[in-house]
Amino acid sequence: MSPFFKKSNHNTDKTDVFLESKIVNEYKEKPLSPRLEENIQILKKIFEKDMDYSIRRFELFQKTPSAIVYLNSLVDKKVINQDILKQLQEHVMTEEQHANLPQYIMENILYYNDVVTVQNLSQVIGAIVQGKAIVIIDGIQEALELDVLIKEKRSIEEPETERVVRGPRDGFIEQIQTNIALLRYRLPIPEFRVEETEVGVRTKTKVVVCYIEDIANPTLVQEVKKRIDAIEIDGVLDSVYIEHFLEDNPISPFPQLINTERPNRVIGNLLEGRVAVLVDGSPSALIAPATFNQFYHTEEDYNQHWVFSSLVRIFRIMALSFSLTFSAIYVTVFSYHPELIPAKYVVAASTGALTIPFPIVFEVLVLEFSMEVLREASVRMPQQVGGALSIVGVLVVGQAAVQAGFVSPITVVIIGMSTIASFAVPAYNAANTFRMLRFLLIILAGVLGLLGIALGLILVANHMLSLRSFGVPYMSPYAPLDIKSLKDSIIRAPYRKMTQRPAKIHPQDKTRIGDVPKDYTNYNFLNKEEREKL
């Protein structure tokens, strides 16, 4: 990886001074002293309260006083002992080699790749807290910085929120180097670019932009870099921090970037001309630009027969619409427009609601709120308790509420069906948006009836039509209409029919599938006589 852009020099205004570490800012322009003891005393003053601060004195080449400084909770001590200290102590150097000592050590002594020189104290301090070891030599105003960080990481597993029946089972983890390796394994081409920068004045978090150079639109790549470069924040702990700064409309509740933990999904989007952003410490990758069309697609859609995948997508769209509007329609019909349904259904529903002391809209809102509380409690509770909590909440509390006459049985059924339908939306952040909008529609339905539902849906549709993700219309390919891109929308056409990449992303290479023979009879491995025998 090579840095793709450098952060611009911070202005010396109050905001930047506040964001930046006071200690780093204090020693920003102070060079290393040629005196070993003076440097050691400065570092001891800074780290004296830290129990894991370590300093190991030794004689370089058995003659020059030196020291290696590090935080022992972050470094690999075996590497320090065997690959660094042993080499620096045992080697004997002549006087002629003393002219450029740091360079000579890097090129001829250390059996180690990740080593550079640093000249000022702020670089030394920053390197130590990032898990690097610093070798300071008496009489030299340059120190050696060695990357000996020991990286603890969990094993590669299938993402919990993106499980599939058929397809790859590996997922991203928190270590960015492992995530990049998972991508390069699937995309072994020199055009695959992985460019790095740092975001976060205090956390110095690595952020990586990935794209395919001869497919992705250069303007899109530069815009992603520009938005990341403009981020001024003290720390980045997850990719969601970056996501909030990359969105075109941060006020909108609709997600405008795709987040995924599946490497194969990232590669699929890169091959369409999109750009991926990885953040060190986060197992979720961001993909830009995003359209609403992609939030009800799953990677498994491309691993099954196109007829079945298309049918499942239709079911998801129906479930999404159902979860958004069903509760509001129920309130509207039984509060304002009972003539819209057959009389026998009205009588059946009204019989159970005669003893309920609350209006239907209040009853529905209370049940929806209770369902959201139950869902949140199930997520936050330990896994062994969460399942039992869901069963108790749904069966016991729900049945008790019906028998006590607080809610009608038909309302429990309606809310349960709406909640189950919301789980059919593959993207969790998109499902959250529709859960929130459901409350708005219920309130409008309770106040204005059918007109309220129509008004709410018009507002939602108008907002979605106005959204952009890096300039790409959010409702593409439906509005504006793109006939060719409809092949991978509500239905998924066979692969041989999806010959072009999405036009709205403006990729450099628009063709992804070449000419495919339509008649395979000429490729039959049996000759004519053998076929006749069969």
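The values are calculated or read from the model by the stated rules, or taken from the named source; none is laboratory data. Source: prediction; values computed, not measured. Cβ: placed from backbone, ideal geometry, glycine included. Neighbour counts: every protein chain shown. For the accessible areas, the whole protein counts, side chains as well, though only heavy atoms, and no ligand, DNA or RNA atoms are used. Shrake-Rupley method; radii C 1.70, N 1.55, O 1.52, S 1.80 Å.
Listing for the model above:
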{"read-out": "Compactness of the range 215-285 as Cα Rg over 2.2 N^0.38 Å, two decimals", "value": "1.11"}
{"read-out": "In Å, descending, principal axis extents of the Cα set of the range 243-314", "value": "39, 26, 21"}
{"read-out": "Overall form of the range 398-458 per C-alpha gyration tensor (a/c, 1.5; a/b vs b/c)", "value": "oblate"}
{"read-out": "Heavy-atom accessible area order for Y495, Y53, Y478, Y185, largest first, 1.4 Å probe", "value": "Y185, Y495, Y478, Y53"}
{"read-out": "Cα long-axis angle, helix 36-47 against the chain (0 to 90 degrees, to the nearest 10)", "value": "30 degrees"}
{"read-out": "Cα-based radius of gyration of the range 291-381 once divided by 2.2 N^0.38 Å, which approximates compact folds", "value": "1.51"}
{"read-out": "Ellipticity estimate at 222 nm from DSSP helix runs (n ≥ 4, -39,500 (n - 2.57)) divided over the chain, nearest 500", "value": "-12500 deg cm²/dmol"}
{"read-out": "Length-normalised contact order for the range 105-199 - Cα pairs under 8 Å, 6+ apart - percent", "value": "17 percent"}
{"read-out": "Relative contact order computed over the chain (Cα-Cα under 8 Å; 6+ residues apart), in percent", "value": "13 percent"}
{"read-out": "In Å², nearest 10: area of K510 left accessible to a 1.4 Å probe", "value": "120 Å²"}
{"read-out": "0 to 90° range, to nearest 10: angle between helix 176-186 axis and the chain longest Cα axis", "value": "70 degrees"}
{"read-out": "Fraction of alpha-carbon pairs over 28 Å apart in the range 59-217 - percent", "value": "41 percent"}
{"read-out": "Cα-based helix-to-principal-axis angle, 450-466 vs the chain, degrees rounded to 10", "value": "30 degrees"}
{"read-out": "Simple label model, 7 Å out from Cα along Cβ direction - R186 to K204, nm", "value": "3.2 nm"}
{"read-out": "Karplus-derived 3J(HN,Hα), 6.51/-1.76/1.60, for each residue of the range 369-375, Hz, glycine and proline x", "value": "4, 5, 5, 5, 5, 5, 4"}
{"read-out": "Largest to smallest accessible area among R265, R169, R163 [probe 1.4 Å]", "value": "R163, R169, R265"}
{"read-out": "Links that overshoot a 28 Å alpha carbon limit, given the list K30/K225; K49/K204; K44/K226; K45/K77", "value": "K30/K225; K44/K226"}
{"read-out": "Solvent-accessible area of F334 with every protein chain in place, 1.4 Å probe, in Å² to the nearest 10", "value": "60 Å²"}
{"read-out": "Relative intensity, log₁₀ I(q)/I(0), of the chain from a Debye sum that treats every alpha carbon as a point, q = 0.09, 0.10, 0.13 Å⁻¹", "value": "-0.86, -0.97, -1.28"}
{"read-out": "Computed accessible area, E300, all protein chains, 1.4 angstrom probe, square angstrom", "value": "30 Å²"}
{"read-out": "Carbon/sulfur fraction of accessible area - the chain, other protein chains in place, 1.4 Å, %", "value": "59 percent"}
{"read-out": "Gain on full stretching of the segment that runs from E26 to I156 - 0.36 nm per residue minus C-alpha separation", "value": "42.6 nm"}
